[in-house]
Amino acid sequence: MKDNPHVARLNARARKYNNSADERAAVTAVDEAVFDKVRQVEAWTVENANTFLAASQGSLSEAAQLSDEMSALRNDLDYTDRVAPREAGARYAVLQSRVAEVNAKLDRIDRESEWLEEKAADPYANYLGMLEKFPVLRPDL
C-alpha cells in the first residue's frame, strides 16, 4: 500500500543523505508533490463552496421575503382594521408553513457551510483525511 503523504514527507526528512543539497532536493520534491495535490483539493473545496453559496442565495432571499411578509402581517394587525381575523389567521398559517420549510433549508445551509469552512480552514488536513477514507487515491511518492 502507498504511504500516507504525511508519512512520506516525514520519511524524506528522516532518511540519510550524502549531502545537504541531496537532502534539500529530495525533501523539496516530496513536499512539492504533496502540496500540488493539496492545492488541487483546496481548489476543489473553494469551487464547491462557491457553487454552494450561489445555490444558497435563493433560500436566503426567500427567508428575507418571509420576514418582510410576517412584518407586513404584524403591521396589518397592529395598525389597521383592514384585515379580518380569519384572513390574518389564514395568512399566518401559510407563512408559518413556509417559514418551517425555509428554516429547514437554512439549517442545511448552516451545516454545509460549517463543513465547508472546516475543509477550507486546513486544506492539508482535509487532503490527508480524504486519503484516509480513500486510500486508493494516495499518490506514489
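The values are calculated or read from the model by the stated rules, or taken from the named source; none is laboratory data. Just so we're clear, the structure is a prediction, and the values are computed from it rather than from any experiment. Backbone-built Cβ (ideal geometry, glycine too); neighbour counts: all protein chains shown. Please note that ligands, DNA and RNA were not included when accessible areas were found on the heavy atoms of the full protein model with its side chains. Shrake-Rupley method; radii C 1.70, N 1.55, O 1.52, S 1.80 Å.
Data for the structure
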item: Segment 113-135 residues that are over 27 Å from A55 (Cα atoms), paired with ones that are loosely packed, with under 15 Cβ neighbours inside 10 Å (beta carbon under 7 Å, 6 or more apart); result: L128/H6; L131/L137; P135/M1
item: Complete set of residues in segment 86-112 that are without any contact (Cβ under 8 Å) to a residue 12 or more places away in the chain and either on the phi > 0 side of the Ramachandran plot or of a type in the set (G, A, S) (or both); result: G89, A90, A93, S97, A100, A104
item: Extreme residue, most open to solvent (accessible area, probe 1.4 Å), among residues of segment 74-94 that are modelled with pLDDT under 90 and hydrophobic (A, V, I, L, M, F, W, C); result: L77
item: Residue match in segment 41-56 (condition: in contact (Cβ under 8 Å) with a residue 24 or more places away in the chain, open to solvent by 80 Å² or more (accessible area, probe 1.4 Å), assigned to a helix (DSSP H, G or I) and closer than 26 Å to V7 by Cα); result: no
item: Filter result (surrounded by 13 or more Cβ atoms within 10 Å (Cβ to Cβ) and either under 28 Å from the mean Cα position of the chain (by Cα) or part of a helix (DSSP H, G or I) (or both)) within segment 14-40; result: E23, A26, V27, V30, D31, A33, V34, F35, K37, V38
item: Test: residue in segment 118-137 that is of a type outside the set (A, V, I, L, M), touching a Lys or Arg at 6+ places or on another chain (Cβ under 7 Å), outside any helix (DSSP H, G or I) and on the phi < 0 side of the Ramachandran plot; result: no
item: Residue check for A8: closer than 23 Å to L131 by Cα and either modelled with pLDDT under 95 or touching a Ser or Thr at 6+ places or on another chain (Cβ under 6 Å) (or both); result: yes
item: Out of M70, M1, sole residue that is outside any helix (DSSP H, G or I), under 33 Å from the mean Cα position of the chain (by Cα) and modelled with pLDDT under 95; result: M1
